[in-house]
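J.: This is the structure I want to talk about, given as structure tokens.
Coordinate-derived values only; no laboratory data. None of these values were measured; they are calculated from a predicted model. In this analysis, Cβ positions are derived from the backbone assuming ideal geometry, glycine residues included, and neighbour counts consider all displayed protein chains.
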Amino acid sequence: MPVFHRLTPFGPETGITLSTEKISASAEQQKTSREPGSVGIVVPREHTFREPLALACGRVLNEYTLVYETYGTLNADKSNAVLICHALSGHHHAAGYHNESDKRPGWWDNYIGPGKPIDTDHFFVVSLNNLGGCHGSTGPASTNPETGRPWGPDFPRLRVRDWVHSQARLADLLGIGQWAAVIGGSLGGMQAMRWSLEYPERLRHCVVIASAMKLSAQNIAFNETARQAITSDPDFCHGRYLEQDKLPRRGLAVARMIGHITYLSDDGLGKKFGRELRSGTFNLGAEEEVEFQVQSYLRYQGDSFSGSFDPNTYILMTRALDYFDLAREYGDDPVAAFSHARCRFMLLSFTSDWRFAPERSREIADALMHANVPVSYAEIESSMGHDAFLLPNNRYRRAFDAYMKRVAAECAEGVAP
Amino acid sequence: MMRIDLDVIQNWIAPQSRVLDLGCGDGTLLEQLGRNKQVSGYGLEIDHEQIERCIARGVNVVEQNLDRGLGNFADDSFDTVVMTQALQTLHQPHLVVQEMLRVGRECIITFPNFGQWKARWHLAFSGRMPVSDLLPHEWYDTPNIHFCTFRDFDLLCRERRWTILHRQVVSETRLGKGLKDFLPNLFGETAIYHLTR
């Protein structure tokens, strides 16, 4: 079987959930689609949009497919819709299970479902795989209709705003004029903020979790190192690996390992692995090679990711992260940028997150306050680094829940703030 | 029930103005100001449960430690900066008031008056640090680390050349209500200052 058949579409059970998997493995194993807090079995849907989409890079996508899931029920006045924007390696499968034998639920199942902060008893939740993704939406692994071959490196370089515009088309398709809330963590938070500026009338609340108005040089450096790992793999073939029946698995695995290290914290890795050995000893005369637990963990994560994610998509997504600069077109003034927003904001950050540090969220809060835009901000204690936004955490859950309950109450009352 | 100092404060805040509330607690004041006077603003708070209460009632609350200053706020960015019952918890209260007057055109500060007769009585006759309903902590675990009296604060204002627009004390007890206007430092339970630069 040629490689690209195995790869297209990439299995949605993987991606961002990798990082949560080991940490909460025992809890995850007990979950089922019938548990009270689960949205149950969900079926992804897809739609092909035939109206051309003009991209920020100047190119045009004549047609594209978006795959998405929805949870909950849209109310009569269509006021209870919530959009979930995914992060770097995320996808449309945010909650619930695809079938009874599914081992793991969607990547944000901790926070989406009946009685959870994004409460599907109150909200109609829409979660999509972004354009350029590799889980069913049009991306570098899809066939370019003009050539009949995979897009590969010729797929247009996307920006966050392109995702926002394509998400707006999806909203139109679903008959949603205004979101009750647009919610995202990390790169997803960037999309949520861009929504508030591109379509200020189309959302009432913007929830931005562990995000930033732009990446720091250090962040770009990590992303570049990850990209170099992929592109320097001989099997990368200048991005045309699918046509050559190859896959730069080693490069992508290293890229994912770099990501993993930086998305966790020193403290978090220390607590989880310490210097525990998986095999070998330091005893005199021992022949077996010494292997630390953290080594084998990273290799496992890298290997499983590299079999289920498209390297070109990884490059595209990290570039979109690097390029994002909320205020670039507003004279580099975040206050001027946010003065266009008409929604209310909720910001959350995590103390040990050093890639999207609390300072970045405070900068957002400061800019919003200067622009006189309603905002609340909570800094959540966690040792889990950037990954904390996906993981169970009591205070995170309570603050998120308190905010979303207000949003739900507004939907029920039919009031716009 | 509305705390009595919050009632007084509302009279000094103009409708539709912009307010920053330092140590906003559960957001009661901002909620009332928003409802009664269409005031917009933000509360700063560090207590997790209070932050959740603010969020739950739809009050804008930002997690921020006042001891780290107000450097993130521009000069004159608010009409009024309020701080109720938090002065005594700060490491450097005088610097925070200075900052309040930079960030806001006016500021309103309320604090427990340590000169009140009950506190004096307690210290004088039991020889121990006062513990009351308003200040229920023991000396070693109290968040209140900088006590002052109505008169002390007056002196600070004079020293720093802050202009006092209004000052008054309030009391919940009948005795205090009767006598607070004659002997505010002795009968006022809570001191309220309205300052400008």
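J.: Pop a pseudo-label 7 angstrom from the Cα along the beta-carbon direction at both residue A:77 and residue A:221 and give the gap in nm to one decimal.
T.: In this crude spin-label approximation the distance works out to 5.2 nm.
J.: Another question, then. When only C-alpha pairs under 8 Å and at least 6 residues apart count, what is the relative contact order of chain A, in percent?
T.: Reported relative contact order: 18 percent.
J.: Need one number: nm distance between label points at residue A:409 and residue B:120, each 7 Å from Cα along Cα→Cβ, rounded to one decimal.
T.: 4.5 nm
J.: Which stretch or stretches of region B:71-97 have amide N atoms under 18 Å from the point lying 7 Å from residue B:14's Cα along the Cα→Cβ direction?
T.: Those under the cut-off are B:75-82.
J.: Assuming R0 = 41 Å, what is the FRET efficiency of residue A:267 and residue A:157, from their Cβ-Cβ distance, to the nearest 0.05? Before the final figure, lay out the partial values.
T.: Details: r = 36 Å, r/R0 = 0.88.
Result of the calculation: an efficiency of 0.70.
J.: Compute the FRET efficiency between residue A:332 and residue A:359 as 1/(1 + (r/R0)^6), taking r as their Cβ-Cβ distance and R0 = 25 Å, and round to the nearest 0.05.
T.: 0.90
J.: Here is a further query. Beyond 32 Å between alpha-carbons counts as too far, so tell me which of A:214/A:246; A:103/A:272; A:78/A:116; A:116/B:37; A:103/A:214; A:272/A:405 fall in that bin.
T.: Working: A:214/A:246 34 Å; A:103/A:272 22 Å; A:78/A:116 21 Å; A:116/B:37 35 Å; A:103/A:214 36 Å; A:272/A:405 34 Å.
Those over the limit are A:214/A:246; A:116/B:37; A:103/A:214; A:272/A:405.
J.: Okay, next question. Just to be sure I follow the definition: excluding the sites themselves, where is the longest run in chain A that has none of the GluC sites (Glu not before Pro) in a DSSP loop with at most 11 other Cβ atoms within 10 Å?
T.: A:147-275
J.: What nm distance separates the two modelled labels at residue B:68 and residue A:174, each placed 7 Å from Cα along Cα→Cβ?
T.: 3.6 nm
J.: With an 8 Å cut-off on Cα pairs and a minimum separation of 6 or more residues, tell me the relative contact order of chain B in percent.
T.: It comes to 19 percent, rounded to a whole number.
J.: Can you tell me which lysines have their Cα less than 19 Å from the Cα of residue B:177? Leave out same-chain residues fewer than eight positions away.
T.: Output for residue B:177: B:118.
J.: Here's another thing I want to ask about it. Quick one: compute the contact order of region A:47-187, relative version, from alpha carbon pairs under 8 angstrom and 6+ residues apart, as a percent.
T.: 31 percent
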